[in-house]
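Notes follow once the structure below has been shown.
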2 protein chains.
Amino acid sequence: MNYPKGIKKNNTSKSINITSFSNRGMSLEAEINLSNEYYLNNNIANIHKKPTPVVIVKVDYKSRKEAVINEAYFKVPSTTDYNGIYKGKYVDFEAKETKNKNYFPLANIHKHQIDHLKNIEYHNGISFLIIRFTLLNRTYLLESSKLSYFINNNDRKSIPLSYFEDNAFLIKDGYQPRIDYLKILDEIYFGGNV
Amino acid sequence: MNYPKGIKKNNTSKSINITSFSNRGMSLEAEINLSNEYYLNNNIANIHKKPTPVVIVKVDYKSRKEAVINEAYFKVPSTTDYNGIYKGKYVDFEAKETKNKNYFPLANIHKHQIDHLKNIEYHNGISFLIIRFTLLNRTYLLESSKLSYFINNNDRKSIPLSYFEDNAFLIKDGYQPRIDYLKILDEIYFGGNV
């Protein structure tokens, strides 16, 4: 179920178009990528999306310069999709969209990824989730400590919207950057200074 | 020229074998991956190799669970291969082997990657190269500041071995971890405490 999503994501990021800045339907991933580009170009932070993990099986060397991969498989990621550095601190997060209006299904995140976020916290990094409720047009930043707290204290397989409302930070839509999640980190970790 | 290497690297990491610990011919990448695994399992650091960047063009969905990538291409990496967190600090590096005995050809590292290492330094992260002279059986850690210094003050397209001898840190071979590069970071950045 995760694999088709992985591919869609990849295609989406390929088709980023400067003229589509005003497109409200842009995927969360595309918006985060643009925001990271903005952060990078303005010397604010250096945060990147990791490549989709694949196992490469067969490669055809048409020429010295062009190699074509003929057979490869998607691999379950052992870490999150995004990491980098902001104000000297290590930053690590996973981003997901959901079409549900009332809850975020935990099945959307691999167990490995949740463990990874916890481990980053242990090493004094900044780790979190960015979750978008597409139909509500709301994007939340949920610290990994709050994610762990929920998992440790609930048997539910999904996090209700109310938990986000009470424990996560709402990221306001912007123009540049589109998803200014570092502003939230300023509030949480850097005493609100920008 | 970089692409065939990328693939070889991938195959190598797939074939890591526990019984081959004593194999002196293990690739630098395999040894770094094992070292990172050791660091992770012993709660010392959380550092990973990024997946090989590919552009996925065609995917065949044989079943819901198994998707086969039928057409994909290697992408020039915009960042380095390894990053993560150590003692709360962001760590970022690229690792390369050379069969030359007297110099390391700068063509082995993409311009983007050199710029990336510099940018990490700007953001107060720890960035460096790990370079192995395979035939000499010597592995060096060269801080990115020393790499920049060389590039800014030389017209040469390769870094001579003597520059490594004078400016880089020799990483001793070990059993576990094989390539204890964090020990060098302790010396440089953390006052020698382990």
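Buried area at the B:A interface is about 3900 square angstrom, summed over both chains, from accessible surfaces computed with a 1.4 angstrom probe.
How big is Rg to Rh over the protein assembly as shown, alpha-carbon atoms, Rh as the Kirkwood inverse-mean-distance radius?
We get a ratio of 0.96 for the protein assembly as shown.
Rounded to the nearest 20 debye, the dipole size of the range B:59-194 about its Cα centre is 260 debye, using +1 on the Cβ of Lys and Arg and -1 on the Cβ of Asp and Glu. Shown for B:Asp60: label points 7 Å from Cα along the beta-carbon vector, and their distances to the equivalent points in the other copies, 1.2 nm in ascending order.
Over the alpha-carbon set of the range B:44-133, divide Rg by the Kirkwood Rh and report the Rg/Rh ratio to two decimals. Write down the numbers at each step before the final one.
On the way: Rg = 16.9 Å, Rh = 15.4 Å.
So for the range B:44-133, dividing Rg by the Kirkwood Rh gives 1.09.
Net charge near A:Tyr189: determine it from the other residues with C-beta under 9 Å of the C-beta of A:Tyr189, scoring Lys and Arg +1 and Asp and Glu -1. The partial results should precede the final answer.
Details: positive: A:Lys87, A:Lys89; negative: A:Asp186, A:Glu187.
Here the charged neighbours net out to 0.
Counting pairs of alpha carbon atoms under 8 Å apart in space and at least six apart in sequence, what relative contact order in percent does chain A give?
Numbers: 282 pairs, mean separation 32.9, N = 194.
Relative contact order here is 17 percent.
The residues neighbouring A:His48, those whose beta-carbon lies less than 11 Å from its own, together hold a net charge of 0 under the Lys/Arg +1, Asp/Glu -1 convention. Per residue, the accessible area of the protein assembly as shown comes to 49 Å² when a 1.4 Å probe rolls over the protein heavy atoms.
Put the Cα centre of the range A:38-80 next to the Cα centre of the range B:62-109 and the gap is 9 Å. The portion of the accessible surface of the range A:94-194 made up by carbon and sulfur, rounded to a whole percent, is 47 (1.4 Å probe; DNA, RNA and ligands excluded).
For the residues B:Lys118, B:Lys65, B:Lys87, a GNM of chain B with alpha-carbon springs under 10 Å puts the largest fluctuation on B:Lys65. For the pair B:Lys172 and B:Lys62 in one chain, pulling the backbone fully straight at 0.36 nm per residue adds 34.8 nm over the alpha carbon distance. Here the Gaussian network model covers chain B, with springs between Cα atoms less than 10 Å apart; of B:His112, B:His123, B:His48, B:His123 fluctuates the most.
Counting Cβ atoms of other protein chains within 10 Å of each Cβ in A:78-85 and taking the mean gives 5. Residues considered: B:Ser63, B:Ser144, B:Ser158. Largest GNM mean-square fluctuation over chain B, using C-alpha springs under 10 Å, is found at B:Ser63.
Please compute the Kirkwood hydrodynamic radius of the range B:74-174 from all pairs of different C-alpha atoms, in Å with one decimal.
On the way: mean 1/r = 0.0717 Å⁻¹.
Averaging 1/r across every pair of different Cα atoms and inverting gives 13.9 Å.
The values are calculated or read from the model by the stated rules, or taken from the named source; none is laboratory data. Computed from a predicted structure; not experimentally measured. Please note: Cβ atoms are built from the backbone with ideal geometry, for glycine as well, and neighbour counts cover all protein chains shown. Quick note on the areas: whole protein, heavy atoms, side chains included, nothing else; ligands and nucleic acids left out. Shrake-Rupley method; radii C 1.70, N 1.55, O 1.52, S 1.80 Å.
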